[in-house]
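Step one of this worksheet: look at the structure below.
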Amino acid sequence: MKYTIGLFIAIIGFVLASHHLEQGISAYWDFVAFTVVGLGSLAVLLITFPSAPFGLLVRRFVAKFLMGSPSLKSHIERCLKVFQEKKIEGSDQSIEAQILRDGLELLSLGMDSERIAQILSRRFEQHTQRLNLLSGWLKRGSKYPPAFGLAGTVLGLIHLMRGISAGIDTKETGIRMAVALVATFYGLLISNMILNPLGEWLQEEIKRDEVKAEASLQLIQLLSEDATILEAHEMMNSFLMADEKTNLSFSSIQGEEAA
């Protein structure tokens, strides 16, 4: 959501600046600049793509920007529900949900709690490693569009110089110079509004995953130790800010004591 809002604000700024300069959006369109910068950047991104599944990146973007990922508080509430019901509902494919689902399965098989913690921690490390590779790929890729923008500008200047030698007028010279600079503009936009922000965003998502995954791991550990609902509640609340903490109903404690 923050990325979408930020991108929207940047677009508004661009539109307002264009309006102030009394120029339409068409003034910033150039086919040569688009092909050189766009296709050149895409080619380098394909060449440097890491050994990580591209589907993971797509699913992450879809879950975040189209479906919306659950907050930490909602995940804590889900953990407490799993603790009471000893099952997880839904088909959520997030790493924190997978840890809960796999942990419950391993517990049902009677596996040792330390071994379960090792297995689940390793699975999360693999998940984090893949996301780090994708994040680094996006951030590294952000340095190429400006370079291709410069290449497009050079092509435009070559075209300009040839035109000057052929005797073009002052008006045509200015137009060709403006077109040449559009390529640099494209490169800066792609780098600083798309690739680098997305790479930074993915890094922040990894940090959020770490907190949620840690909560899931702790929940499975509590289940393996036959902890009480009060212990589980206090442990889960330790992941939240003071004003976000959930309240434990007296009926939940009574229900566990009766069981």
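For this structure, a couple of remarks:
- In the set Phe65, Phe148, only one residue is closer than 30 Å to Trp29 by Cα and at pLDDT 90 or above; that residue is Phe148.
- Test: residue in region 68-79 that is under 17 Å from Glu225 (Cα atoms) and modelled with pLDDT of 90 or more: yes
- In this entry, Glu89 passes the filter for residues that are under 22 Å from Leu222 (Cβ atoms) and of a type in the set (Asp, Glu).
- Qualifying positions in region 1-57 - in contact (Cβ under 8 Å) with a residue 40 or more places away in the chain and β-branched (Val, Ile, Thr): Thr4, Val32, Val36, Val37, Val44, Thr48
- Taking region 1-51 as the region of interest, the helices (runs of 4 or more DSSP H) fully inside it that hold 1 or more residues being of a type in the set (Phe, Trp, Tyr) and at pLDDT below 85 are 2-20.
- Residue within region 197-210 that is in contact (Cβ under 8 Å) with a residue 24 or more places away in the chain and either on the phi > 0 side of the Ramachandran plot or touching a His at 6+ places or on another chain (Cβ under 8 Å) (or both) present: yes
Let's see how each residue does on (1) assigned to a helix (DSSP H, G or I); (2) closer than 23 Å to Ile88 by Cβ; (3) at pLDDT below 90:
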site: Glu200; (1), (2), (3): yes, no, no
site: Leu217; (1), (2), (3): yes, yes, no
site: Leu222; (1), (2), (3): yes, yes, no
site: Leu230; (1), (2), (3): yes, yes, yes
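- Filter result for the condition that a residue is touching a Leu at 6+ places or on another chain (Cβ under 8 Å), over 30 Å from Ile175 (Cα atoms) and surrounded by fewer than 15 Cβ atoms within 10 Å (Cβ to Cβ), over Ser108, Ser74, Ser121: Ser121
- Every residue from region 28-57 that is under 30 Å from Gln129 (Cβ atoms) and of a type in the set (Ser, Thr, Tyr): Ser41, Thr48, Ser51
- Test result for Lys64, part of a helix (DSSP H, G or I), of a type in the set (D, E, K, R) and surrounded by fewer than 14 Cβ atoms within 10 Å (Cβ to Cβ): no
- Flag if Lys87 is among the charged types (D, E, K, R) and over 22 Å from the mean Cα position of the chain (by Cα): yes
- Of the residues making up region 161-184, those that are of a type in the set (A, V, I, L, M), closer than 21 Å to Ile25 by Cα and either surrounded by fewer than 12 Cβ atoms within 10 Å (Cβ to Cβ) or modelled with pLDDT under 85 (or both) are Ile175, Ala178, Val179.
- Residue in region 1-11 that is more than 23 Å from the chain's Cα centre (by Cα) and surrounded by 14 or more Cβ atoms within 10 Å (Cβ to Cβ) present: no
- Apart from one condition, Asp226 fits all of (1) at pLDDT 85 or above; (2) in contact with a helix residue (DSSP H, G or I) (Cβ under 8 Å, 6 or more places away or on another chain); (3) closer than 16 Å to Phe83 by Cβ; the exception is (2).
The values are calculated or read from the model by the stated rules, or taken from the named source; none is laboratory data. As the structure is a prediction and not an experimental result, all values here were calculated from the model. Positions of Cβ are generated from backbone atoms using ideal geometry, with glycine treated the same way; all protein chains shown enter the neighbour counts.
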